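These notes concern the structure reproduced below.
The values are calculated or read from the model by the stated rules, or taken from the named source; none is laboratory data. Keep in mind it's a predicted model, so treat the numbers as computed, not measured. Cβ atoms come from the backbone with ideal geometry, glycine included; neighbour counts cover every protein chain shown. Just the protein is used for accessible areas: all its heavy atoms, side chains included, with ligands, DNA and RNA removed. Shrake-Rupley method; radii C 1.70, N 1.55, O 1.52, S 1.80 Å.
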Number of protein chains: 2
Amino acid sequence: MKTQAQKRFILPENEIPTAWYNIVADMKNKPLPMLHPGTKKPLKAEDLYPLFAKELAHQELNETDRFIEIPEEVREMYKNYRSTPLVRAYGLEKALGTPAHIYFKNESVSPVGSHKLNSALAQAYYCKKEGVTNITTETGAGQWGAALSYAASAFGLELAVYMVKISYEQKPYRRSIMKTFGAQVVASPSMSTKAGRKILTENPNYQGSLGTAISEAIELAQQTPNCKYVLGSVLNHVSLHQTVIGLEAEKQMEMAGEYPDVVIACFGGGSNFGGMAFPFLRHNLSGKKNTRFVAAEPASCPKLTHGVFEYDFGDEAGYTPLLPMFTLGHNFSPAHIHAGGLRFHGAGTIVSQLLKDKLIEAVDIKQLDSFKAGILFAQSEGIIPAPESCHAIAATIQEALKAKEEGKQKTILFNLSGHGLIDMTAYDAYLSGDLSNYELSDEEIKKNVSTLEKLA
Amino acid sequence: MKTQAQKRFILPENEIPTAWYNIVADMKNKPLPMLHPGTKKPLKAEDLYPLFAKELAHQELNETDRFIEIPEEVREMYKNYRSTPLVRAYGLEKALGTPAHIYFKNESVSPVGSHKLNSALAQAYYCKKEGVTNITTETGAGQWGAALSYAASAFGLELAVYMVKISYEQKPYRRSIMKTFGAQVVASPSMSTKAGRKILTENPNYQGSLGTAISEAIELAQQTPNCKYVLGSVLNHVSLHQTVIGLEAEKQMEMAGEYPDVVIACFGGGSNFGGMAFPFLRHNLSGKKNTRFVAAEPASCPKLTHGVFEYDFGDEAGYTPLLPMFTLGHNFSPAHIHAGGLRFHGAGTIVSQLLKDKLIEAVDIKQLDSFKAGILFAQSEGIIPAPESCHAIAATIQEALKAKEEGKQKTILFNLSGHGLIDMTAYDAYLSGDLSNYELSDEEIKKNVSTLEKLA
């Protein structure tokens, strides 16, 4: 056996990025403005103050600063787990017999098991700095909730999490993790909010969605003194914080002596995709590179590949600003796939604009294909991936097999957004043949989005 | 906020150790010989061939080679996750207000979540190399079984795991992890072996122990063609493979510019303790250093602090060689603590000899104290530790508070053997007040060990 070249690339602590990358500053076509839900006029930062920490409100609308400094307190916390390794997936390459070079950024080594901590720490820090004492949020699979629970504990904030009911039941361990860090966890829909009561009255067995959980978290924040709401994806400032992933990966690919031809990430609201893709995409925008970017979404919640580009709410009850996005409609109730983090009806505004401008691509992955890919990855690389990340792996395998068919060397980079050690019931179900694909027909989608209110 | 000094120390790939350290070669008083269970004569390597791969049998009895080369194939697999980080626990230090410097070696970042993979890969490799096709093993909490399942998959071996029944039920996710890697998992005691049937006939509700699971795995190996048995702890060759932990930590402590005054690890059979301690202990043996070594065992299974030093079997049915060890008796049935990996009646022969010679110390930790320590660690460092590792953390906290009381700076290094993300039912039980301490009285212990057969 020949000794292989280096497998894992890790940055020294002083090479961890000191600023996040704000892609909006480099976009020729900026995202359309978010609209105030009442006046339907473009939103100003001040409009967001009641809901978000001020600094986050400004980051959300910042169109001019290409780089935004990472506060020292956040950088100190990043050092607990960053840089995450960039890994050459020799095992997967061998299993596929592909000439492609496959790399993955391993965000699963974060102490809470996913990339979500990158933004959780930043948001908790800004809230604390502005004197906030309580925060609320929603969580789907629980990755975001787990991350924010630790971040809240680290910065001394009280946290209430609305966890989508289906995940609350499917993934009890994530619920326990949040409690261990000291957070309060409520299954959503709940009777604790107007939005929750309304939906439970109409449909007592409703198993929840991210859209509903967001409504509940917003409502609680609005009714609690000195309380802000924080969000784990979709919004621009969340993707901004996640760019630490791609900025590190850029340096690490340089250490490996390669540059990606394709960059892939799974897609729920867009934060792990944006975090990985945007730093590389900036070299496309400046004309220096010609990399492809592929967002891998579930076939059961295919807003990028089958949705419409419209103004829509980010939540089910309609509490959020109106966002210009690819959407399946804010009343869309996604099937109960195990990739709970991807069960969201819309895409962030930046990603939506980039897709409209054909600067990125999207692919939809069926649930069974995602788990098949995840198990191949587990057996060849030793890491059991989160059901969400399985979508990125499935898309990566498609690209690697295409390279094999074409006999082309190609460099593929994907983001392993998290591990699946707490999602083992999903693997159990897959292995015992109890999972299905939950595809959506175009007609169903058409019917659903037809109820969206048209704007001028 | 002042920028703190470096937090995590990681070795470049070419600094990962290329040989394991065999402490027996440096011990003045060698461990007493293992005895053949039939003849009661000292065991020769050949006596172990029916059960173990030959190379492992030789490693088990090797008293002369100080360093044993790590095969290239194993080193290649190590590169997938090693070096693991050495971390300065600033968060925990602050929470305790201690002048002590606390470092931990983070073995929880291994893809299966614990240090167990270090020996699993080595043992699977040697079996494969010698043409073995099937292997069997036991697992307590499931950390070893999970690690070996991946190792077996990586080297193309079929694996059957006997998992202690109480853990099989308490920790269903670890069972699923093993299945995802392709292993067969059986709750022990089972009806598939004579040893299992015997104990189930006597006590149909018996919830199992490591001792019983070992008997079952050995029996299956003996009755399966081309099959070997592999063990996750206790034996000398297992500790040998684990020394990669301490050898790395030694270099990493040097990077941090410190040397430990105390080295701490939790204690079940001794492999993570030995793996961490032996490389540092060699400098005590050569008279260059005077470090303290503390094994942290559960108060409910206290062989080091309350057991007797006798010849005893490693398993419940008496299939193994007789081992000279600190033991509570091979029929001892440990309480159902959540630290399943520490529920073993005896200690490895090397550790037993070292303790007898007062070259190491031991401390017993109550279950509630272990979880209290684990939660403090989780909230201050962000990592939820395995219930086993919580014992090391509790002992570390005792040392750090002593340093605070005495106003002494002291450098403490402990091994974080694994994360507890798959043990969340244990944290749930602790947080809801459903756990108890399960202490053992000296009288109970005396009564149990009195049944041990005395040897000349």
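Here the sum of -39500 (n - 2.57) over DSSP H runs of 4 or more residues, divided by the residues of chain B, equals -12500 deg cm²/dmol at 222 nm, to the nearest 500.
In region B:98-225, a dipole from Cβ-located charges (positive for Lys and Arg, negative for Asp and Glu) runs towards its positive end, and of B:M191, B:Q223, B:G145 it is B:G145 whose Cα lies farthest in that direction. Taking every residue in B:5-14 and counting other chain Cβ atoms within 10 Å of its Cβ, the average works out to 4. Neighbouring Cβ atoms from other chains, within 10 Å of the Cβ of residues in B:426-436, number 2 on average. Expressed in Å, the radius of gyration and Dmax of the Cα atoms of region B:174-273 are 18.6, 58.
Residues of region A:319-456: accessible area per residue at 1.4 Å, in Å²? Don't skip to the answer; put the middle values down first.
Values: 5110 Å² over 138 residues.
Accessible surface, normalised per residue, equals 37 Å².
Rounded to two decimals, the Cα-based Rg/Rh of region B:78-155, with Kirkwood Rh, is 1.16. The separation of region A:141-160 from region B:101-132, counted between C-alpha centres, amounts to 31 Å. Between the alpha-carbon centres of region A:388-433 and region A:323-341 there is a gap of 21 Å.
Could you please tell me the mean projected area of the C-alpha convex hull for region A:103-205, averaged over all directions and given in square nanometres to one decimal?
7.6
Counting only DSSP beta bridges with both residues in chain B, the antiparallel share comes to about 35 percent.
Please give the per residue accessible area of region A:259-305, computed with a probe of 1.4 Å over protein heavy atoms only, in Å².
Working: 1020 Å² over 47 residues.
With all protein chains present, region A:259-305 gives 22 Å² per residue.
Take the alpha-carbon positions of chain A, form their convex hull, and give its projected area averaged over all directions (one quarter of the hull surface) in nm². Don't skip to the end; give the middle numbers.
Values: hull surface 82.9 nm².
Taking a quarter of the hull surface, the average projection is 20.7 nm².
Shielding of peptide A:72-82 by partners, expressed as the average count of other chain Cβ atoms within 10 Å per residue Cβ, is 4.
When nucleic acids and ligands are ignored and a 1.4 Å probe is applied, B:V112 ends up with an accessible area of around 10 Å².
Annotation for A:D357, label-to-label distances across the other copies: 7.1 nm (shortest first, one decimal, point 7 Å from Cα along Cα→Cβ). Inter-copy label distances at B:K251, shortest first and taken from points set 7 Å along Cα to Cβ: 2.1 nm.
Using equal-weight Cα scatterers in the Debye expression, the normalised intensity of region A:252-365 in log10 at q = 0.10, 0.12 Å⁻¹ is -0.31, -0.43. When you filter the trypsin sites (Lys or Arg not before Pro) in region A:205-304 for DSSP loop state and at most 14 other Cβ atoms inside 10 Å of their Cβ, you are left with A:K288, A:K289. Each principal axis of region B:380-423 carries a Cα extent, and these read 38, 17, 14 Å when sorted largest first. The modelled label-to-label distance between A:N29 and B:N203, using points 7 Å beyond Cα along the C-beta direction, is 7.2 nm. Ranking A:I245, A:S233, A:I214 by Cα position along the charge dipole of region A:194-255, where only Lys, Arg, Asp and Glu carry charges on their C-beta atoms, puts A:I214 farthest toward the positive end.
Each of A:K402 and A:M191 was given a label point 7 Å from its Cα along the Cα-to-Cβ line. The distance between the two points is 5.2 nm. In plain terms, the bigger the Kirkwood radius, the slower the diffusion; for region B:315-404, with that radius from Cα pairs, at 25 °C and 0.890 mPa s, Stokes-Einstein puts D at 164 µm²/s.
Inverting the mean 1/r over all pairs of different Cα atoms, compute the Kirkwood radius of region A:299-456 and quote it in Å. The partial results should precede the final answer.
Numbers: mean 1/r = 0.0591 Å⁻¹.
That comes to 16.9 Å for region A:299-456.
Using a probe of 1.4 Å on the protein chains alone, the accessible area found for A:D369 is around 80 Å².
Here B:K454 is the anchor, and the aspartates and glutamates within straight C-alpha reach of less than 18 Å, apart from those fewer than 8 places off in the same chain, are B:E310, B:D312, B:D315, B:E316. Over all alpha-carbon pairs in region A:155-198, figure out the percentage whose distance exceeds 16 Å. Roughly 40 percent, once rounded to a whole number.
For region A:257-412, what % of the accessible area comes from carbon and sulfur atoms, probe 1.4 Å?
Numbers: 2070 of 4340 Å².
That fraction is 48 percent.
Which residues among region A:1-45 fall inside the zone where the amide N is under 12 Å from a point 7 Å beyond the Cα of B:N14, along Cα→Cβ? Answer for region A:1-45: A:6. A:D26 sits with roughly 50 Å² accessible to a 1.4 Å probe, with DNA, RNA and ligands left out of the calculation.
The tail of the calculated P(r) for region A:216-267, taken as Cα-Cα distances beyond 18 Å, holds 54 percent of the pairs. Interface between chains A and B: roughly 4300 Å² of accessible area buried, both sides summed (probe 1.4 Å, protein heavy atoms only).
How big is D for the protein assembly as shown, in µm² s⁻¹ as a whole number, if Stokes-Einstein is applied with the Kirkwood radius of its Cα pairs at 37 °C and 0.692 mPa s?
For these conditions, the coefficient is 117 µm²/s.
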